[in-house]
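Q: One structure coming up, written as structure tokens, with questions to follow.
The values are calculated or read from the model by the stated rules, or taken from the named source; none is laboratory data. Worth saying up front: this structure is predicted, and the values here are computed from it rather than measured. Positions of Cβ are backbone-derived with ideal geometry, glycine not excepted, and every protein chain shown enters the neighbour counts. Please note that ligands, DNA and RNA were not included when accessible areas were found on the heavy atoms of the full protein model with its side chains. Shrake-Rupley method; radii C 1.70, N 1.55, O 1.52, S 1.80 Å.
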Amino acid sequence: MAVIVKHKGNYLEHFRVGHTFRHKVGKTITEGLFNAFTEYSMTTNPLHKNVEYARRYGYAGLVAPPGLVMNVVFSQTVEDISENARANLEYVDMRFGAPVYIGDTIEATSVVVGVTPSKRDNDRGVVHVQTTGRNQHGEVVLTYERKVQVWKRDLGASIDARTEAVPPADVTLWIPPYDAGRRYPETAHLTSPDTYFEDFSAGDTLEHTRGRMVTTEHIGLTCMLDNTSQVHCNQYMIDQNPDRYLGGQLIVYGGIPFNLCLGLSSPDVADNALGDVRYPTGRHTAPVFAGDTVFASTEIRGCGEYPGRDDLGLVETTLHGHKFVKKDGAWQKVEVFRLEREIAVRRRSHYAG
Amino acid sequence: MAVIVKHKGNYLEHFRVGHTFRHKVGKTITEGLFNAFTEYSMTTNPLHKNVEYARRYGYAGLVAPPGLVMNVVFSQTVEDISENARANLEYVDMRFGAPVYIGDTIEATSVVVGVTPSKRDNDRGVVHVQTTGRNQHGEVVLTYERKVQVWKRDLGASIDARTEAVPPADVTLWIPPYDAGRRYPETAHLTSPDTYFEDFSAGDTLEHTRGRMVTTEHIGLTCMLDNTSQVHCNQYMIDQNPDRYLGGQLIVYGGIPFNLCLGLSSPDVADNALGDVRYPTGRHTAPVFAGDTVFASTEIRGCGEYPGRDDLGLVETTLHGHKFVKKDGAWQKVEVFRLEREIAVRRRSHYAG
Amino acid sequence: MAVIVKHKGNYLEHFRVGHTFRHKVGKTITEGLFNAFTEYSMTTNPLHKNVEYARRYGYAGLVAPPGLVMNVVFSQTVEDISENARANLEYVDMRFGAPVYIGDTIEATSVVVGVTPSKRDNDRGVVHVQTTGRNQHGEVVLTYERKVQVWKRDLGASIDARTEAVPPADVTLWIPPYDAGRRYPETAHLTSPDTYFEDFSAGDTLEHTRGRMVTTEHIGLTCMLDNTSQVHCNQYMIDQNPDRYLGGQLIVYGGIPFNLCLGLSSPDVADNALGDVRYPTGRHTAPVFAGDTVFASTEIRGCGEYPGRDDLGLVETTLHGHKFVKKDGAWQKVEVFRLEREIAVRRRSHYAG
């Protein structure tokens, strides 16, 4: 006869460099999940909305937008990696592989590549993992590294303080081959006329005009992903210790503005894309709360060849998310998210000729 | 190197009479979208809920309710037609055609049939369009006219102030043929016993008893439709200029109460219907905000033959939506929506005999 | 010419012992509905999340969690049984049968087995029904009794005050046969390593650590189920008579915490289960409102053989839901839900050997 409280997740002292987590549960992409996240993002790329358009390009069905793929893989890792995290510090070298379709089942693994105790605070440290998501055929759909600040539970426990080389991320975005017989120009009216590769110039910044208020719906969306981090849904826990939790509010899970900023940028930079290729680095630079209206902008950092594909170009960008906070009676712009983002964009010459 | 702000949508001076917009993106009806809007409506017609019932009647699957069809088509037009609108004035001659099923993809076009600058205010005018939504087979699922008050951006710009004849709306609601071999009475318990054609009398008014509070969920629902109008989701924009926006609140997109009022009326007037045929005219007569509880009532204006079908009758109604507002300590009933509505209703003689 | 208000549902005087209601509408389980309720529950059992896992076990697809099955069947009965109820008193002998899959259509019937007027208050009484839900093949998916306190409308009406014997609940949970050739251990990493039958001891209490705040999303979820009870969605009705309605707030429909508590317990007691077998009794012991954070705990009451199955054991538990309420400056724990629950749990010896 005992009262048993099983603490969930790992603390700093539990991480062993080289250990591979096979994360629990897995997740099938139902049409309900697909709809919730694709539509939340406000994307305007027809690959995610119009199955006739997606099939014309050679996809098997509606294509999950990058924010959904990232969220599904990331959330599977939360219990093992970050249920007891203080902060998510950085995404590194996030790469997309096979397209994700409705009906696919995604499972994820993470290998610990580094553990670094804080020099200043002995109750925390940084865990560095490489995570890989695969579909039911074993194909990689996403891989990325993540650095996350995790609490220690037993302050006296020994830490496996080491770093290892990160395994090579052997994944390439699958893009259907170009085939002029598919008569792409017939559907050119479904996308913006001015977001082809030829339209971008390095150095330009696009201020996306649309914004969206985040409401308490963020709780349901986060739980829908199986993200079990309590700071996003357990108000009672926060009420017990409001100073520890940024003023006593539930924090919006970072994957929500991540997904939303990608979508807000879509009509200006990504509705003629055939996919997000790679995110070299990304960070949440300020918290988002229910009631904030989120906006986005995109810097074009470079425009180059897409290896092996005449019909595409690679656009290197930095995506910024921001919100406005009233301070001393004036609204101040606050950056909430920053993501280096490389996009495979169609050339007008090949698709709207 | 430039900061680029691409304004979305058109202003009054951009509309040319006779121009046809082929709207962007298109939309596949996923089970997620279908569920969200069908259930939000609170409809009790089993055609939208019970696939076994729908198939018995000869439909290919669950049938999208009229509020979902209207919302999907309408929302596709917002960027081109009304992203910069001040107010949606009127729906005219809305007609339904082919049934919409899960998996269908809807695209929309709109032709400009009139532009009328305001005589009083030189910063606005009325745009009159006829919109048509088609499925992936090219079949018309919906057609309607809309009059919308749109802002001018350049007050000095010239306006194409003309009106043209509205093209004929060549669409007829598809209703499966009557076939006594389908043994309809076996499922008569799934609908109300007193909403057959024989039960309606011109002149009666049915006060539907159920009401539903609209919450901030309206933001997510509106964005789920790809309706990009910022007055429904961008609180920061409204905070910058609260006087311009009805007291500083996000306005609920009209398609939400449109859908809800249709559903609230369902158990009293439409759960034995095989479809909404035509809405001669409709208006949003007052704004709805999060926190309002919406109710509905239906006037029966006429009961007549359904051309070519002995098993059906045509019920002509006016659907009213309303809410209550507290003023000087007393609740006042405020009409928010009014829709002339013609419904194809089953005769008891043929279906519950 | 008349104004007609059709009151919905039945009052105490309308119930006749022995009468069987065939409830209206029916409900097809779309992927949208499945996603909404499965994910809301926060379950971690892969049968509900990972279709590859479910198929390995011999299920035809993703399996609806018990909270979804219960909610779909229960909600179909609300208009006839409890639209005019004051309180839901007790669930009795709830048993699960055939698994419910996406695409299934559920219809429900209820037989009245007792009507008991209140001895103290002549405006109410208790109605006792037995409800059965069936799929499109006629297989029973759920059966249960319910006792509900219903208002009288006409205080002078006569009541059919009788009780009859409850018909035997002839239903057995379908569990796919054990087949070692399915190589179950290959997916053992998808569930908790310490929730096999061998891990439970009678007398233990498991305090589940996760909690979740309920928001106004409860309104949408309740309406999504076709639960038409107005106390969950009609704020205006409550504002007219706040004293009658527990302080003037919308009450969260009991099926929401029912579903959530089942899911919150999942990682500690049910992610290695192949199904909930039977709930001998259950009650909502306090109301839940938007803003409450709901928690759960499970008492293990007994661990026994599962008839005819060496690979399973039967775990008898009591599931408790609770929330915290601030009173005189201190947080007090309040039980909101209590459910006796018998679970068919896999043995490690057979599934993770």
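Q: Can you give me the C-alpha center-to-center distance between region A:137-168 and region B:326-353, rounded to a whole angstrom?
A: 59 Å
Q: For B:Lys323, go through the aspartates and glutamates and keep the ones whose alpha-carbon is under 16 Å away, minus same-chain ones fewer than eight residues off.
A: Counting by Cα, and skipping residues close in sequence, B:Lys323 has these aspartates and glutamates nearby: B:Glu207, B:Asp292, B:Glu335, C:Asp239.
Q: Can you figure out the FRET efficiency of C:Asp239 with B:Glu335, using R₀ = 22 Å and their beta-carbon distance, to the nearest 0.05?
A: 0.70
Q: While we're on this one: For the interface of B with A, what's the total buried accessible surface in square angstrom, probe 1.4 angstrom, rounded to the nearest hundred?
A: 3500 Å²
Q: I've got another one for you. How far, in degrees from 0 to 90, does helix B:31-41 lean away from the longest principal axis of the Cα atoms of chain B, to the nearest 10?
A: 80 degrees
Q: Compute the long axis of helix B:255-265 from its Cα atoms, compare it with the longest principal axis of the Cα atoms of chain B, and write down the angle in degrees, 0 to 90, nearest 10.
A: Orientation of helix B:255-265: about 20 degrees from the principal axis.
Q: Can you give the angle from 0 to 90° between the axis of helix A:66-77 and the longest principal axis of chain A, with both taken from C-alpha atoms, to the nearest 10?
A: Taking Cα atoms only, the helix is inclined about 20 degrees.
Q: Shifting gears a bit: Are there trypsin sites (Lys or Arg not before Pro) in region B:84-139 that DSSP puts in a loop and that have at most 11 other Cβ atoms within 10 Å, and which ones?
A: B:Lys119, B:Arg120
Q: Using a 1.4 Å probe on the protein chains only, how many percent of the accessible area of the protein assembly as shown belongs to carbon and sulfur? Mind dumping the intermediate values first?
A: Values: 18220 of 37230 Å².
The value for the protein assembly as shown is 49 percent carbon and sulfur by accessible area.
Q: Quick one: grab the alpha carbon gyration tensor of region B:268-346, order the square roots of its eigenvalues as a ≥ b ≥ c, and give me rounded if a/c is under 1.5, else prolate or oblate depending on whether a/b is larger than b/c.
A: Prolate is the answer for region B:268-346, as a/c is 1.5 or above and a/b outweighs b/c.
Q: May I pose another question? Over chain C, what is the mean sequence separation of C-alpha contacts under 8 Å (at least six apart), divided by residue count, expressed as relative contact order in percent?
A: 20 percent
Q: Cα to Cα, under 20 Å, and not fewer than 8 places away if on the same chain: which lysines meet these conditions relative to A:Lys27?
A: A:Lys8, C:Lys49
Q: Please give the FRET efficiency for B:Val325 paired with C:Thr285, using the beta carbon to beta carbon distance and R0 = 35 Å, rounded to the nearest 0.05.
A: 0.40
Q: For A:Met1 and C:Val3, FRET efficiency with R0 = 56 Å and r from the beta-carbon atoms, rounded to 0.05?
A: 0.30
Q: Charges on Cβ only, +1 for Lys and Arg, -1 for Asp and Glu, centred on the Cα centroid of chain C; of C:Ala98, C:Cys303, C:Thr30, which one is farthest towards the dipole's positive end?
A: After comparing all options, I get C:Thr30.
Q: Here's another thing I want to ask about it. Be a star and scan region B:256-300 for residues whose amide nitrogen sits under 20 Å from the point 7 Å along the Cα-to-Cβ vector of B:Asp310.
A: From region B:256-300, the list is B:274.
Q: For region C:193-249 and region B:245-297, what is the separation of their Cα centres, given in Å?
A: Centre-to-centre (Cα) distance: 28 Å.
Q: If you count, for every residue in A:228-235, the Cβ atoms of partner chains within 10 Å of its Cβ, what is the mean?
A: Numbers: counts 5, 1, 5, 0, 2, 8, 8, 9.
For peptide A:228-235, the averaged partner shielding equals 5.
Q: Compute, for chain C, the length of the dipole vector about the Cα centre, with Cβ point charges of +1 (Lys, Arg) and -1 (Asp, Glu) only. Units Debye, rounded to 20.
A: It comes to approximately 640 debye.
Q: Of all alpha-carbon pairs in the protein assembly as shown, indicate the percentage at a distance above 49 angstrom.
A: On the way: 136263 of 560211 pairs.
Roughly 24 percent, once rounded to a whole number.
Q: Per residue, how much accessible surface does region C:156-220 expose to a 1.4 Å probe? Answer in Å², no decimals.
A: 47 Å²
Q: Using θ = phi - 60° and the Karplus form 6.51 cos²θ - 1.76 cosθ + 1.60, what ³J(HN,Hα) does each residue of region C:220-225 get, whole Hz, x for Gly and Pro?
A: Once θ is set to phi - 60°, the couplings for region C:220-225 become x, 5, 5, 5, 4, 8 Hz.
Q: Can you tell me how region B:1-97 classifies by the Cα gyration tensor, rounded, prolate or oblate, using a/c under 1.5 as the rounded cut?
A: On the way: a/c = 2.79, a/b = 2.14, b/c = 1.30.
Prolate, since a/c reaches 1.5 and a/b exceeds b/c.
Q: So which aspartates and glutamates can B:Lys147 reach, going by Cα to Cα under 13 Å and dropping same-chain residues fewer than 8 places off?
A: Excluding near neighbours in sequence, the set is B:Glu90, B:Asp93.
Q: Using helices alone, what [θ] at 222 nm do you get for chain C, with -39,500 (n - 2.57) per DSSP H run of 4 or more residues, divided over all residues and rounded to the nearest 500?
A: Roughly -4500 deg cm²/dmol at 222 nm, from the helical runs in chain C.
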